[in-house]
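These notes concern the structure reproduced below.
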């Protein structure tokens, strides 16, 4: 079954935490896998949010990206006996790994100056 989220919502396939010995040598208890996941793969993305002027603000996340999200923000759904989460874009905290650059999105980061004035910069420069 195909699912298309509306507005600024995203369908996420949660990635469960693994228990046992990790590559680093640390051990995770079995209860780690029973906690609600905070990381997952984006399966589907809505068109975006409409601002007060009626213009569409496109989504910043793309299908296939692995994201970190708030623990209790997304709603749980079940499709074909598989669990998914539906989250608003504001519930997504970060994208894990490298992002593909395209013409629509640019990587601009907000960093406050010590004087209190804000400055935007592009780390690619």
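Tabulated results
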quantity: FRET efficiency estimate (nearest 0.05) - Cβ-Cβ, residue 53 to residue 16, R0 35 angstrom; calculated: 0.25
quantity: Label-to-label distance, nm, for residues given as residue 62 and residue 75 (7 Å Cα→Cβ offset); calculated: 2.8
quantity: Within the stretch 61-75: backbone nitrogen closer than 16 Å to the residue 98 label point (7 Å, Cα to C-beta); calculated: 65-66
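Read-outs: derived from the displayed coordinates by stated rules, not from any lab. From a predicted model like this one, the values you see are computed outputs, not experimental measurements. Backbone-built Cβ (ideal geometry, glycine too); neighbour counts: all protein chains shown.
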